[in-house]
Amino acid sequence: MKNRLPLFMCCLCLLAGCSDSDSNENQNQIECDNSYITVCNEALTGYTVCRVGVITNIDCEVGLTCNPATNTCEPVQPSQCDENTVPVCNGKNARKICKNGALIDDPCPEKTECNEATATCDPVGEAPANECDENTAPVCNGKNARKICQSGKLTDESCPEKTECNESTATCEPVGEAPVSECDENTAPVCNGKNARKICQSGKLTDEPCPKNTECNESTATCEAVSTPPSGECDASSYTQTCPDPKHHTYCKDGQVVTEECKSGAICNAELKEKKCKTPAEKDTCDPASFSESCYGDATALTCEDGKVTKVDCANAWGKGYKCDIVENYSDGKDAALCYSKKENCDTPGDSYTRCEFENEDGYDQHYTVTYVCVQGAVGNHYYAAEVVDCKHSCNKDETACSD
């Protein structure tokens with residue numbers, strides 16, 4: 001009888017696959033029954049089973065890892081993710097997280113659902129308020145990290161090795177190396193659409209919104225008050241029509257002041273007795289300080305010279321093929337009618353180039369340089385002469401500066 005117990009235990013071990021690790025695990029025995037489900041351990045180095053009424057850990061062989069999807073030891077797969085992988089929702093009741101290089105399902109607790117915005121399991125019907133959004137600028141959080149907005153939450157982002165967070169730019173930069181500035185105190189502001197302008201701030205070009213009821217003036221790159229046409233009640237028998245600006249005309253209709261926007265080619269000329277939108281007529285009285293130029297047809301520019309509306313035939317004034325185009329807010333908020341040639345078309349407003357030119361008057365060659373700037377018009381973008389500089393001596397054809 002003394003020999004039967006060891007023989008029984010030996011057979012039991014052969015059937016159950018006992019190992020040294022089993023004996024170590026069984027020091028803290030937890031009982032189980034046939035309903036126990038085999039699962040991978042937390043480190044994914046093995047799995048637990050119910051063996052002889054006790055929960056037992058089975059280690060995976062070298063080169064294998066426990067797959068949470070099957071709860072079995074399988075060959076190690078190439079890493080699907082790392083510690084930088086952001087969790088994402090996998091339906092309403094779970095989310096995908098990174099664990100030991102594998103993307104696995106992490107079920108949400110009871111009475112919670114996965115929030116797509118934050119990838120967190122939140123109580124049903126209670127969505128957390130976002131701490132930040134896409135407009136939240138990063139800020140340094142000490143020298144070695146910065147706060148950034150991620151899925152509506154302010155999150156610490158560590159700076160890479162041998163870098164520190166620059167308080168001025170909130171970027172991680174090599175220690176001891178100052179960043180290359182995009183701009184400096186000599187960088188002039190420029191309009192970025194009608195409602196903002198680009199300015200230099202701490203070495204970076206930054207959008208500065210225009211205040212309410214102002215627009216950015218392309219000529220001066222300043223935010224200026226938008227002219228507000230008059231409104232309210234009126235008496236048609238006594239109301240005087242007005243031109244609040246060259247592009248608008250006001251009159252009284254059904255007891256209310258109505259503002260009419262002038263159609264293309266028409267202006268409201270405050271110098272005329274009749275204050276309404278009309279196509280300027282040659283020799284009409286005008287004020288150069290407030291007159292907005294326009295095109296008459298596609299080849300004639302209407303300008304204000306010596307207090308009179310003047311027609312300029314682009315082809316006669318500049319040459320065959322020249323036509324008229326309107327450049328809005330060209331100077332002091334006024335429109336300009338400029339003659340252009342298709343040969344002078346350009347792509348990017350603001351681009352410029354300089355070339356030498358000369359003309360012969362009374363047998364004397366006058367040399368000068370002309371700087372042409374690309375300006376956006378109603379028809380397209382064209383180069384216009386922006387600056388002329390006389391040369392003291394000469395300027396060769398293929399050069400861009402006077403050879404004084």
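The values are calculated or read from the model by the stated rules, or taken from the named source; none is laboratory data. Since we're looking at a predicted model, the values are computed, not measured. Neighbour counts are summed over all protein chains in view; Cβ atoms, including those assigned to glycine, are modelled from backbone coordinates with ideal geometry.
Criterion applied to Gly91, Gly17 was being exposed (fewer than 13 other Cβ atoms within 10 Å of the Cβ), at pLDDT below 85 and at positive phi, and the one residue passing it is Gly17. Can you say whether Glu261 is under 40 Å from the mean Cα position of the chain (by Cα) and not aliphatic (A, V, I, L, M), as far as the supplied structure shows? Taking the combined requirement at face value, the residue satisfies it. Scanning the stretch 324-348 for residues that are buried (at least 18 other Cβ atoms within 10 Å of the Cβ) and either in contact (Cβ under 8 Å) with a residue 40 or more places away in the chain or in a helix (DSSP H, G or I) (or both) yields Asp325, Ile326, Val327, Asn329, Tyr330, Gly333, Lys334, Asp335, Ala336, Ala337, Leu338, Tyr340.
Of the listed requirements (1) crowded, with 18+ Cβ neighbours inside 10 Å; (2) more than 40 Å from the chain's Cα centre (by Cα); (3) under 22 Å from Asp235 (Cα atoms), Ala270 misses just one: (1). Could you tell me whether Glu328 is modelled with pLDDT of 80 or more, within 24 Å of Ala225 (Cβ to Cβ), of a type outside the set (A, V, I, L, M) and not assigned by TED's automatic domain parsing to the domain that holds Val379? For Glu328, the condition - modelled with pLDDT of 80 or more, within 24 Å of Ala225 (Cβ to Cβ), of a type outside the set (A, V, I, L, M) and not assigned by TED's automatic domain parsing to the domain that holds Val379 - is not met.
Quick check: is even one residue across the stretch 103-113 under 30 Å from Cys200 (Cα atoms) and buried (at least 16 other Cβ atoms within 10 Å of the Cβ)? Scanning the stretch 103-113 turns up no residue that is under 30 Å from Cys200 (Cα atoms) and buried (at least 16 other Cβ atoms within 10 Å of the Cβ). Kindly indicate whether Asn100 is at pLDDT below 85, in contact with a Leu (Cβ under 9 Å, 6 or more places away or on another chain) and under 30 Å from Gln150 (Cβ atoms). It is true that Asn100 is at pLDDT below 85, in contact with a Leu (Cβ under 9 Å, 6 or more places away or on another chain) and under 30 Å from Gln150 (Cβ atoms). If I filter the stretch 54-97 down to residues being of a type in the set (Asp, Glu) and not in a loop (DSSP other than H, G, I, E, B), which single residue comes out as farthest from Gln150 (Cα to Cα)? Looking at residues that are of a type in the set (Asp, Glu) and not in a loop (DSSP other than H, G, I, E, B), I get Asp59.
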